[in-house]
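Written below as structure tokens is the structure these notes are about.
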Amino acid sequence: MMISRRRTVSVVAGVLFGFVVASVPTTAQAQQAQPKPQLDPRVQAAVDDAVTRAQGQGLPTEPLIDKAFEGTAKHAEPARIVTAVRRLASGLASARQELGEATRAADLVAGAEVLRAGVEPAALAHLRRSRPNASLLVPLVVMADLVSRGVPPNTAADAVLELADRGAADADFSVMQQEVQHDIEAGAAPADAASVRSHGGSSGAGTGAGNAAQTGKSNKGNGNGPGGAAGGTRPAGGGQPAATSPKPRSNGSPHQPAGAGPKKPTGKPPSAGPRPTPGKPAGSKPNGPSKPKPPKGKSPRVG
């Protein structure tokens, strides 16, 4: 029952993340599933030695055997198969040292793959502290998958550990991996996509540049950006903004041409003219005592 569950988890992880995780069936069950190719004598000798050492250290041995059969089925050179088996055995030991003695075999295999991808061993210890009692298979698979997509190993580890420190569930790691994959396929830099998505942001290709360009246009339009000027329009040549009102000249008159002096007095006071009487239209005779008219008749003689 336990072996069947491990195989199911491995298949699901491979489908979700596009990353093949070695399952841990027994040799007898593996032979029942499909016939195994005959190992080269040199490969067989190396596998027997690796299995003996792994048993002495309490490490799982089935992954070592499966690795040898896998290389043989792919018609790899015997020397390369031997190197791969020994590297896996070393990786299992290093992963168990960082993840703990009670770590399950499937987690150890995934941890060994992460170390082979270039992730620092300290990242595995950190992951175990963040998830002391939970399976580490999905986070480790996501970590290795990010590296395979071009994310630097340290950045991939930081992205996974960011989620683990927040208590993320396996589904959260899956969502983050799918978002990073989408962003990379859309043209985002792998490191930027992983870093932003691990913090819950969006890093679609061109999003940052597009927002920056749109912001610049808005700032220019309202005069708040580097290309705008409050109260005026900056000319195309980059000079000072055009003035909106005439500046006073040296003589204090805003409409007099430059260089013209003040007007000379004419010597005659301005004619004020008669003031109009309230209630009468302008131009009518003013009110006041009229001159006496001479009596009718003969004009008086002047002596």
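Only the coordinates and a few stated rules stand behind these numbers; no lab work does. Just so it is clear, the structure is predicted and the values come from calculations on it, not from any experiment. All Cβ positions, even for glycine, are placed from backbone atoms using ideal geometry, and neighbour counts span all protein chains on display.
General remarks:
- Exposure proxy order (Cβ contacts within 10 Å, fewest to most) of PHE69, PHE173: PHE69, PHE173
- Calculated SAXS-style log₁₀ I(q)/I(0) at q = 0.20, 0.24 Å⁻¹ - the stretch 120-206, Debye, Cα scatterers: -0.81, -1.14
- For the stretch 31-146, the Rg and Dmax computed from alpha carbons only, in angstrom: 14.7, 44
- Extension gain, SER90 back to GLN178 (0.36 nm per residue minus Cα-Cα distance, nm): 28.6 nm
- Part-to-part distance (alpha-carbon centres) for the stretch 94-141 and the stretch 51-66, which is given in Å: 17 Å
- The ranking of LYS36, LYS74 by Cβ neighbour count inside 10 Å, starting from the fewest, reads LYS74, LYS36.
- Label point distance in nm, ALA73-THR52, each placed 7 Å from Cα along Cα→Cβ: 2.8 nm
- Computed 3J(HN,Hα) for the stretch 133-141, one whole-Hz value per residue from the Karplus formula 6.51 cos²θ - 1.76 cosθ + 1.60 where θ = phi - 60°, is 10, 9, 5, 9, 4, 5, x, 5, 5, glycine and proline marked x.
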